[in-house]
């Protein structure tokens, strides 16, 4: 089966630093990887999509990379803020999505 | 349009009862998806619709689960003879489909089976 693996341990960083979250996938490369943000008790919110033939995608303070050799996507938040504290979900697919468990990010003031 | 709407937000039911959840997608979206999320896990895909056609239902968890989208607008997810293991957050999402892949999720319905 096609799995998505995310570090289940929470990531604690200080405000202003860059947060880097990792997403690893198994078997063949997905054509698409997507990143979502989820706050407690709420549904996921779409952040970025990256295609297999793209190395990098940016949106404001967010950057996503896709490395088919390492079978990995990295998600970066630069100049992090306490408001960025949330769980970040990685998913493979374009329409029907296979999600990882998510990584909780805690940004301290 | 205020986004994807799910009702109820919370549902507590006794084991063995049937429950039905409703999802109203964003009006111009023709794709609608149902996911289930348990504590500490990511959402798990259940089924989806393109307009009124159910394109994938093999991932529904058992034959106690069924979904409909009768007129290609709102959708319902029914769980018959609920079990304690059905306790979870049930999420609905919609998208335009085609090249526009961004999925918009609702707030979810939290089901507790006692």
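Things worth noting here:
- Alpha-carbon Debye profile of the stretch A:20-59, log10 I(q)/I(0) at 0.25, 0.30, 0.32 Å⁻¹: -1.00, -1.17, -1.21
- Panel order for B:47, A:20, A:98, B:38, by other beta carbons found within 10 Å of each beta carbon, from fewest to most: B:38, A:20, A:98, B:47.
- One way to sum up the overall shape of the stretch A:57-109 is the equivalent ellipsoid from its Cα gyration tensor, whose semi-axes run 22, 14, 10 Å, largest first.
- Here, the stretch B:1-59 yields an orientationally averaged convex hull projection of 5.4 nm² when only Cα atoms define the hull.
- Residue A:71 versus residue B:64: modelled label distance in nm, points set 7 Å from Cα along the beta carbon direction: 3.5
- Bins of 5 Å from zero: percent of alpha-carbon pairs in the stretch A:1-107: 2, 13, 26, 26, 20, 10, 3, 0
- P(r) weight above 15 Å for the stretch B:19-114, C-alpha pairs, percent: 57
- Average beta-carbon neighbours from other chains, 10 Å sphere, peptide A:88-95: 4
- Panel order for A:68, A:103, A:96, by other beta carbons found within 10 Å of each beta carbon, from fewest to most: A:68, A:96, A:103.
- For the segment B:63-76, counting C-beta atoms of other chains within 10 Å of every residue's C-beta and taking the mean gives 0.
- Our summary gives the stretch A:1-68 a relative contact order of 22 percent, counting only alpha carbon pairs under 8 angstrom and 6 or more residues apart.
- DSSP beta bridges fully contained in chain B are about 90 percent antiparallel.
- Note on the protein assembly as shown: Cα-only Rg and Dmax are 17.7, 51 Å.
- Computed lengthening from residue B:5 to residue B:53, 0.36 nm per intervening residue step minus Cα-Cα distance: 15.3 nm
- Ranking of A:13, A:50 by count of other Cβ atoms within 10 Å, fewest first: A:13, A:50
Every number in this text was worked out from the coordinates using simple rules, so none of it is lab data. Remember, predicted model here, so these are calculated numbers, not experimental data. With ideal geometry, Cβ positions are generated from the backbone for all residues, glycine too; neighbour counts draw on all protein chains shown.
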